[in-house]
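Here is the structure we will look at, set down as structure tokens.
Read-outs: derived from the displayed coordinates by stated rules, not from any lab. Source: prediction; values computed, not measured. All Cβ positions, glycine included, derive from the backbone under ideal geometry; neighbour counts span all protein chains shown.
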Amino acid sequence: MLMSEGFSRVVEGERINLRPLRIEDVTDAYCRWMNDPVTNQFLESRFFQHSRESLKEYVRSKSGDTSYAFFAVILKDGGRHIGNIKLGPIDSVHRLGDIGILMGEKDCWGKGYATEAIRLIVRYAFNVLDLHKVTAGCYAPNEGAIKAFMRAGFSKEGVRKEHCYYNGSFVDDVLLGLVRPVGNNHR
Ligand SMILES: CC(C)(COP(=O)(O)OP(=O)(O)OC[C@H]1O[C@@H](n2cnc3c(N)ncnc32)[C@H](O)[C@@H]1OP(=O)(O)O)[C@@H](O)C(=O)NCCC(=O)NCCS
């Protein structure tokens, strides 16, 4: 596998690029994304208060860990950092990687950027890291995330009933997956 080589790469898309997330990316804006009750409502990270220091520590730990590939999502037009996407933990025995995404800038929601970012990280997972399958998990009420993964080619593989405590009740956890197409690189 080309993991350590691959981790330093930029993945170029049509309207966005993915590039490795750096400590300098931990700005007040990133801190605001993580503490925003609308943005983090479906994330386990909502149970913690985040500071620039705690986020720097988190980014530092992930960038030194070869079982993660952590990218900033950058608009090609203007270079704005609008969110992050992560592949990991990567299981090199089963050649699996789990995807997590946070599009922090709300004015960029609903424009197809998450769908494009997911497509790009999938391409990276299959073509650079030679993974066999990618997965994701979403709270059932997180319709935007489920749609973005499905538009990027994922299928629903299962539902863990009432698996997550959300907003005063228990909601389903939707398990999504995408197997690398046989004999073909993913585009
Ligand atoms: C969920 C999230 C990733 C969606 O990002 P996005 O850039 O708005 O997604 P896209 O524009 O690619 O949208 C994909 C589809 O979902 C729809 N959508 C987006 N947000 C939606 C919402 N809140 N409710 C219903 N549909 C929504 C879009 O209209 C689009 O539908 P279409 O294919 O019919 O046009 C983003 O809102 C986010 O990061 N939220 C906070 C963190 C989070 O929940 N991460 C996911 C954890 S699993």
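Here are the numbers for this structure:
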| read-out | value |
| --- | --- |
| Candidates 127, 167, 40, ranked by Gaussian network fluctuation over the chain, Cα under 10 Å, top entry | 167 |
| Neighbour-count order for 135, 39, fewest beta carbons within 10 angstrom listed first | 135, 39 |
| Packing-based exposure ordering (other Cβ within 10 Å, fewest first) of 27, 115 | 27, 115 |
| Most mobile of 64, 83, 97 in a GNM of the chain (Cα contacts under 10 Å) | 64 |
| Residue order, fewest to most beta carbons within 10 Å, for 150, 34 | 150, 34 |
| Residue 150 paired with residue 35, simple spin-label distance in nm, labels 7 Å along Cα-to-beta-carbon | 3.6 nm |
| Residues of type aspartates and glutamates that residue 56 reaches as a straight line, Cα spacing below 15 Å, ignoring anything fewer than 8 places off in the same chain | 24, 25, 28, 65 |
| 17 Å Cα-Cα reach of residue 156 towards lysines, excluding residues that sit fewer than 8 places from it in its own chain | 133, 147 |
| Net +/- balance of residues flanking residue 163 in space, Cβ distance below 13 Å, scoring K and R +1, D and E -1 | -2 |
| Choice from 124, 165, 30 showing the highest fluctuation, given a GNM over the chain with Cα pairs closer than 10 Å | 165 |
| Helix-only CD estimate at 222 nm, as mean residue ellipticity for the chain, using -39500 (n - 2.57) per DSSP H run (n ≥ 4) | -6500 deg cm²/dmol |
| Reference-scaled alpha-carbon Rg (2.2 N^0.38 Å with N residues) for the chain | 0.99 |
